[in-house]
1. With a 10 Å cut-off between alpha carbons and a GNM built on the chain, which of 170, 256, 21 moves the most?
2. Most fluctuating residue of 193, 272, 35 in a GNM of the chain with Cα springs under 10 Å: which is it?
3. Using the structure shown, select from 138/183; 254/275; 72/183; 73/138 the pairs with a Cα to Cα distance greater than 28 angstrom.
4. Measure off 7 Å from each Cα along the Cα-to-Cβ vector at residue 174 and residue 84, then give the distance between these two points in nanometres to one decimal.
5. Hey, what's the per residue convex hull volume over the C-alpha atoms of the stretch 91-194, in cubic angstrom?
6. Can you tell which of 32, 263, 54 shows the greatest fluctuation in a Gaussian network model of the chain with Cα springs below 10 Å?
7. Name the residue from 143, 124, 108 whose Cα lies farthest towards the positive end of the charge dipole of the stretch 91-194, charges +1 on Cβ of Lys and Arg and -1 on Cβ of Asp and Glu.
8. Between (i) 92, 36, 36; (ii) 88, 64, 35; (iii) 66, 56, 40, which matches Cα extents along the principal axes in Å calculated for the structure shown?
Amino acid sequence: MKFNEDLAAIHAYLCADGCVIRNPPTQKSKYYKIDLRNTNIVLLKDFQERFYKYFGLKPNLYPGQRCQIGSKKIYLILTKEFGSFYSREWRMPNLKEKLSKVWLRTFFDCEGWVFCKTHQNRHIGVDSVNEQGLNQVKKSIENLKIKVIKKVIKNRKMFRLLIYGKENLIRFQQEIGFIHPIKKETLEKTIDDFVEYDWNVTKEKNKLKTIMLEKARIKKPYLVRIISKEEDNLKKLSKFLNSVYSINSIKIHKMINGLGTPYFELSINKRDEIKKLTKHNLINTQELDKIDKTRFNNSI
């Protein structure tokens, strides 16, 4: 069998959510089935179309359930060429990079997930009971310069691959991606959820206002704080506030959190400077609800 994109996808579909089976030899009635079980209509239609293009036969589609065909000829071809498709026994074929990407995309469309707990835990993951097959998947992803972590879920006798980090998620999106609509959209939102560590505040005023409204915290009537992991961000912000809005009395301190991790804090603590921040809508006045709002308004 000659591999092309259609066969690469068909093979991955069957390894992930499919089965290639026949009845036990002891039974009189004979059947040979190639079956993809998935609830997503996009994946079911993709499997159906690719199967028809490669084998010339169109499987029956049952929306929300499966895509299935009975064919002794194709059953024998697939099992002779690739062996078993059972969950513990499938193997990822040795493919060139272009076809490997198609196989991986299909496999993750079926078996993978995208998780986003905003600003805390963002990753792509996949589970399998097939350690050898998952090791092949891991190696193929790493060949695309995407870092992968493998874990053993002992209580479930399961193996897990995890992809963390903005750069790795972006590279996964570019090199592999999803056609599963929900997973595709979730990956886009997950990448957008990452904090932009280089603020580039010198480029435009709107950028500065966005940063100030998101990050400035009013701790007391005359104390505004902005925190960043990068000292350079606060230096650029201080310079911009001074040159554009004539805001002075800005201090930057190095701090250490409870875990021993360093960070930097910019503070503005003069009445006249706070007035300027309010005048130019550079702080979120809703934050005033956390302190004595009446006293703040009267003092300004």
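1. Its mean-square fluctuation being the largest, the pick is 256.
2. Judging by the Gaussian network model, the answer is 272.
3. Numbers: 138/183 20 Å; 254/275 26 Å; 72/183 35 Å; 73/138 33 Å.
Flagged as over cut-off: 72/183; 73/138.
4. 4.0 nm
5. Measuring per residue, one finds 92 Å³ for the Cα hull of the stretch 91-194.
6. Evaluated over the chain, the most mobile residue of the options is 263.
7. Of the options given, the answer is 143.
8. Of the listed options (i) 92, 36, 36; (ii) 88, 64, 35; (iii) 66, 56, 40, (i) comes from this structure.
Rule-based calculations on the coordinates, nothing more; no lab input. Everything numeric here is computed off the predicted structure, so don't read it as measured data. Note that each Cβ is placed from the backbone with ideal geometry, even for glycine, and that neighbours are counted across all protein chains shown.
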